[in-house]
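The values are calculated or read from the model by the stated rules, or taken from the named source; none is laboratory data. This structure is a prediction, so every number in the text was calculated from the model and none was measured. Heads up, the Cβs are rebuilt from the backbone with ideal geometry, glycines too, and the neighbour counts pull from every protein chain shown. Just so you know, the surface numbers come from the protein's heavy atoms only, side chains and all, with ligands and any DNA or RNA stripped out. Shrake-Rupley method; radii C 1.70, N 1.55, O 1.52, S 1.80 Å.
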Amino acid sequence: MIFITGDTHGSFERVETFCRRFQTSRDDILIILGDAGINFSGKRYDSPKKRLLESLPITIFAIHGNHEQRPYTIDSYKEKLWRGGTVFYEEEYPSILFAKDGEIFDLGGRQTVVIGGAYSIDKAVRLAYGWGWWEDEQPSEGIKKYVEQQLGKFDWKIDVVLSHTTPLKYEPVEVFLPGIDQSRVDKSTENWLDGIEDRLEYKKWYCGHYHTEKKIDKLEIMFENFDEFCAGVK
């Protein structure tokens, strides 16, 4: 089966509990909607987290968030085709897969496009304390062009979208952190996703990023909840 959840940020207790409760196997897939948190702190600190995940009876399929390094910038990652699209993986951890932005995967018979990345409102704090922050956290113009080209191949009709952040119109403003001047937050990715959403014919859109759980029309923001992928979607 295929399951889905929101940001994990390197804490996998709930994933362990989920695997035990539902007696998952390596054939089962868990989608993490960005900020998995295992390419954030460097090999010394990330390796124990990867070993833990690799030991669990499930396959991890993660999209790119804004609190992690892009896998293709890390020497240990390789590429392969998986379910119709390109993923990045490490030979030591073959069951932890990261999707390439813009690729379209066959997940349970659903044609699914992946669009990762977002802006970090905590950028200044992370830089001040020497924590990880990467300039390519948001999709580049090249990635955006690739996404649009890929969707064009499907005549802008797709079953499912997996993104880290939301289209601008669906931002959950009620959970915005107080004290953050939203006029200084880079919304370019959300604005671009707005245009994608306006143009695209789709059945379901999943995203994470906002640490809340909310459904609006065909879009669902996930955090610590789990669900069966596309449950109830016709």
Scanning region 29-48 for residues that are buried (at least 23 other Cβ atoms within 10 Å of the Cβ) and in contact with an Asp or Glu (Cβ under 9 Å, 6 or more places away or on another chain), the one nearest to residue 221 (Cα to Cα) turns out to be 33
Among the residues of region 81-98, write down those that are out of contact with any helix residue (DSSP H, G or I) (no Cβ under 7 Å at 6 or more places or on another chain) and under 21 Å from residue 57 (Cα atoms). 82, 83, 87, 89, 90, 91, 92, 94, 97
Name the residue that is surrounded by the fewest Cβ atoms within 10 Å (Cβ to Cβ), counting only residues in region 207-234 that are at pLDDT 95 or above and at positive phi. 211
In region 181-206, residues that are of a type outside the set (Ser, Thr, Tyr), within 20 Å of residue 138 (Cα to Cα), out of contact with any Phe, Trp or Tyr (no Cβ under 8 Å at 6 or more places or on another chain) and open to solvent by less than 60 Å² (accessible area, probe 1.4 Å) total 7
When you check residue 137 against the structure, is it open to solvent by 60 Å² or more (accessible area, probe 1.4 Å) and modelled with pLDDT of 95 or more, yes or no? no
Quick one: which of 145, 157 is without any contact (Cβ under 8 Å) to a residue 24 or more places away in the chain and over 30 Å from residue 47 (Cβ atoms)? 145
Looking across region 169-197 at residues that are acidic (Asp, Glu) and under 21 Å from the mean Cα position of the chain (by Cα), the single one that is nearest to residue 158 (Cα to Cα) is 197
Tell me which residues, restricted to region 1-28, are under 19 Å from the mean Cα position of the chain (by Cα), open to solvent by 50 Å² or more (accessible area, probe 1.4 Å) and of a type in the set (S, T, N, Q). 11
For region 109-127, name all the residues that are in contact with a strand residue (DSSP E or B) (Cβ under 7 Å, 6 or more places away or on another chain) and open to solvent by 60 Å² or more (accessible area, probe 1.4 Å). none
Within the bounds of region 47-56, is there any residue that is more than 25 Å from residue 224 (Cβ to Cβ), without any contact (Cβ under 8 Å) to a residue 40 or more places away in the chain and not in a loop (DSSP other than H, G, I, E, B)? no
Give me the pairs, please: first residue somewhere in region 165-179 and open to solvent by 30 Å² or more (accessible area, probe 1.4 Å), second residue anywhere and of a type in the set (S, T, N, Q), beta-carbon distance under 8 Å, and either six or more positions apart or on two chains. 168/191; 175/212; 176/182
Six or more apart or on different chains, Cβ atoms under 7 Å: show the pairs whose first residue is in region 213-234 and aromatic (Phe, Trp, Tyr) and whose second is outside any strand (DSSP E or B) and open to solvent by 80 Å² or more (accessible area, probe 1.4 Å). 223/211; 223/213
Wholly within region 64-115, strands (runs of 3 or more DSSP E) carrying at least 2 residues that are over 23 Å from residue 155 (Cα atoms), of a type in the set (Ser, Thr, Tyr) and modelled with pLDDT of 95 or more: 93-99
Considering only region 49-75, state which residues are open to solvent by less than 60 Å² (accessible area, probe 1.4 Å) and more than 23 Å from residue 1 (Cα to Cα). 49, 65, 66, 67, 68, 69, 70, 71, 74
